[in-house]
Amino acid sequence: MKKNNYSITFVLPRPSIGYPVGGYNIVYQIAHNLNKSGIKTAIIFLKDASIFIPNYKEINVKKSGIGIREKGFKVLFVVFNNRRIKTFYHLRLYRFLGVDYDYSILDNVDCYYYKGIENVNIKTDLIIATAWQTAYFVNEFVKNFKSKPFYLIQNSEDEPSFSGINSINAEKTYHFNFKKIVINKKLYNRFKNEDSLFFHVGIDTDFFKIKRDINKRGNVILFPLRRNLSKGAKYAIECARKLLTYDSKTEIKIIMFGEYKINEIPGDIRDKIEYHYIPTNKQLLELYNKASIFVLPSLVEGMSLLPLEAMACGCAVVVTDNGGINEYIIDEINGLICPIADAECLFNKVLYLLNNKQKREDLVKNGLETVKQFSYQQMNKDFINLIKPYLEDNSASK
């Protein structure tokens, strides 16, 4: 059977059914733009990335989104097993799951769904791992196919708070003989002796924008609640609890959104907050535009895009010094920074902004200027400039 040829192929752990997480969305945006620019690009989704990982440890995680989305995965595995999965996105089947993400972005991207190396039926000049799990697949792939391996590292995935009991497995991937592409200075400095490539990811600045006057929002504080321990949900809850029990002269409203079911939120605050379970993109835009202050409690981030989205919508942001935030937040200029795992600091910074309207407005103004530097357009331009020399080198060697 004739194999399709590609210049670049990204490898993702598994297909996304709902709204894709940040790292997936970045790959989708870049792959779409590469094809649009004439660089033939594909995406491989893995059915089970763990089969390529020696000594992989199963993680017993309480799942969110059980029900229609998990059933969607089961149908996906049966119908599209070991075949192109592009049909699933092309027919807009995800809409039956209530998903508002525009997967038409993948219409110009060939997508494959593979179980093992023996199922692979493509050729590619460059193959790019996008997570520590996919690095093991790529490591096996280059033993069987003549491709240059790259590693898009979007976070410190070997942090125990991120990869848990598999942190050692994650750390081992950083010793694979891959060309690394990183998205923050912390990672760049970590791998500085390896001549790593560096670029910044971005957000949809055409979508995330101010829809509601920042002076008509009141004392509304917005928190994300995400399950991975690295996202610091417990500190968001602690901060919210302090705000709710604070004797304020004016009402403080807490809005939270994320992957927790409402009955998983502690009972002492559950009925005192507004909560949105896995909001759609349009709903998230509305939430940003309701809030005056956005709080990010993460312990570790590659380059969190949630604060950028919030800033684009006119929020003042309070964030933790989580490793990726320093790519665009300058303390006291366009945001306020706290140490990680410090709910007391988050609480005090939020109170400070609630009581200092001028400071809040200054942060918003500077934040809006910052966001202009982190658009999809700039991200795509930077990535092409970064990767093109390696495509040219490969063409010259043929």
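The values are calculated or read from the model by the stated rules, or taken from the named source; none is laboratory data. Since the model is a prediction, treat every value here as computed from it, not as a measurement. Virtual Cβ from ideal backbone geometry, glycine too; neighbours counted across all protein chains shown.
The table for this structure:
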{"read-out": "Flag for residue 192 being modelled with pLDDT under 95 and not hydroxyl-bearing (Ser, Thr, Tyr)", "value": "yes"}
{"read-out": "Check on residue 353, in contact with a Pro (Cβ under 7 Å, 6 or more places away or on another chain), touching a residue at least 12 places away in the same chain (Cβ under 8 Å), closer than 23 Å to residue 238 by Cβ and of a type in the set (A, V, I, L, M, F, W, C)", "value": "no"}
{"read-out": "Candidates 221, 269, 262, filtered to the one that is more than 28 Å from residue 28 (Cβ to Cβ), free of Cβ contacts under 8 Å to residues at least 24 places away in the same chain and hydrophobic (A, V, I, L, M, F, W, C)", "value": "262"}
{"read-out": "Among the candidates 282, 290, residue that is touching an Asp or Glu at 6+ places or on another chain (Cβ under 7 Å), of a type in the set (D, E, K, R) and touching a residue at least 24 places away in the same chain (Cβ under 8 Å)", "value": "282"}
{"read-out": "Candidates 17, 8, filtered to the one that is within 21 Å of residue 141 (Cβ to Cβ), in contact with an Asp or Glu (Cβ under 9 Å, 6 or more places away or on another chain) and not aromatic (Phe, Trp, Tyr)", "value": "8"}
{"read-out": "Within the stretch 217-235, considering residues that are out of contact with any helix residue (DSSP H, G or I) (no Cβ under 8 Å at 6 or more places or on another chain) and either modelled with pLDDT under 95 or hydrophobic (A, V, I, L, M, F, W, C) (or both), the one nearest to residue 368 (Cα to Cα)", "value": "218"}
{"read-out": "Any hit, the stretch 186-194, residues being of a type in the set (Ser, Thr, Tyr) and in contact (Cβ under 8 Å) with a residue 12 or more places away in the chain", "value": "no"}
{"read-out": "Yes/no for residue 367 being touching a helix residue (DSSP H, G or I) at 6+ places or on another chain (Cβ under 7 Å), under 30 Å from residue 99 (Cα atoms), buried (at least 22 other Cβ atoms within 10 Å of the Cβ) and not assigned by TED's automatic domain parsing to the domain that holds residue 156", "value": "yes"}
{"read-out": "Hits in the stretch 1-52 - residues which are outside any strand (DSSP E or B), over 21 Å from residue 259 (Cβ atoms) and at pLDDT below 95", "value": "1, 2, 3, 47, 48, 50, 51, 52"}
{"read-out": "From 299, 308, residue being closer than 17 Å to residue 236 by Cβ and within 17 Å of the chain's Cα centre (by Cα)", "value": "299"}
{"read-out": "Out of 342, 382, 321, sole residue that is surrounded by fewer than 19 Cβ atoms within 10 Å (Cβ to Cβ), assigned by TED's automatic domain parsing to the domain that holds residue 181, in contact (Cβ under 8 Å) with a residue 12 or more places away in the chain and among the acidic types (Asp, Glu)", "value": "382"}
{"read-out": "In the stretch 104-127, the residues that are free of Cβ contacts under 8 Å to residues at least 60 places away in the same chain and crowded, with 18+ Cβ neighbours inside 10 Å", "value": "none"}
{"read-out": "Out of 269, 255, sole residue that is within 25 Å of the chain's Cα centre (by Cα) and either modelled with pLDDT of 95 or more or under 21 Å from residue 300 (Cβ atoms) (or both)", "value": "255"}
{"read-out": "Residue in the stretch 365-398 that is modelled with the lowest pLDDT, counting only those that are acidic (Asp, Glu) and more than 21 Å from residue 204 (Cβ to Cβ)", "value": "393"}
